[in-house]
Amino acid sequence: MSLAMDFCPNCANLLDIEAASGNQKTRFTCLTCPYVYPIKTKIVREIKLVRKEIEPIFEADDMKYAPKTAATCPKCHNGEAYFRQIQIRSADEPMTTFYRCCNDNCRFDWRED
């Protein structure tokens with residue numbers, strides 16, 4: 001039997017870890033059925049996390065022709081920014097506004113929900 005158990009072999013529900021108390025050792029328990037598995041050795045699990053690749057919402061030139069508005073850049077405090085609005089949530093939610101600083105040395109992107 002594997003030591004790194006996640007699911008009950010009887011009913012396939014997620015197992016809970018019950019901490020040691022008194023003379024009882026730490027164990028896996030099923031909250032649905034009477035399944036119990038005592039943990040006899042230290043369980044170590046290493047999981048490599050893979051960063052999700054994020055696609056840009058706008059291409060590099062998309063904001064070049066966008067309209068400008070009075071907005072303060074959070075990075076350089078310039079008072080003008082390009083903006084675009086996109087509906088990224090459900091229709092009953094407000095649109096999200098994306099900004100890009102007009103300062104050529106900054107070009108910081110931010111959004112306002």
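The values are calculated or read from the model by the stated rules, or taken from the named source; none is laboratory data. Just so you know, these numbers come straight off a predicted model, no measurement behind them. Positions of Cβ are backbone-derived with ideal geometry, glycine not excepted, and every protein chain shown enters the neighbour counts.
Structure data summary
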| item | result |
| --- | --- |
| Residue in the range 52-67 that is surrounded by 12 or more Cβ atoms within 10 Å (Cβ to Cβ) and modelled with pLDDT of 75 or more present | yes |
| Pairs, first closer than 13 Å to residue 63 by Cβ in the range 90-110, second crowded, with 16+ Cβ neighbours inside 10 Å and among the aliphatic types (A, V, I, L, M), C-beta under 7 Å, six or more apart | 99/71; 99/81; 100/63; 100/81; 101/81; 102/81 |
| Within the range 16-113, strands (runs of 3 or more DSSP E) holding 2 or more residues that are under 31 Å from the mean Cα position of the chain (by Cα) and among the aliphatic types (A, V, I, L, M) | 80-86 |
| Selection from the range 19-53 of residues that are touching a Lys or Arg at 6+ places or on another chain (Cβ under 7 Å) and either without any contact (Cβ under 8 Å) to a residue 12 or more places away in the chain or among the hydrophobic types (A, V, I, L, M, F, W, C) (or both) | 36, 39 |
| The range 76-97 - residue that is hydroxyl-bearing (Ser, Thr, Tyr) and touching a strand residue (DSSP E or B) at 6+ places or on another chain (Cβ under 8 Å) and, of those, surrounded by the most Cβ atoms within 10 Å (Cβ to Cβ) | 82 |
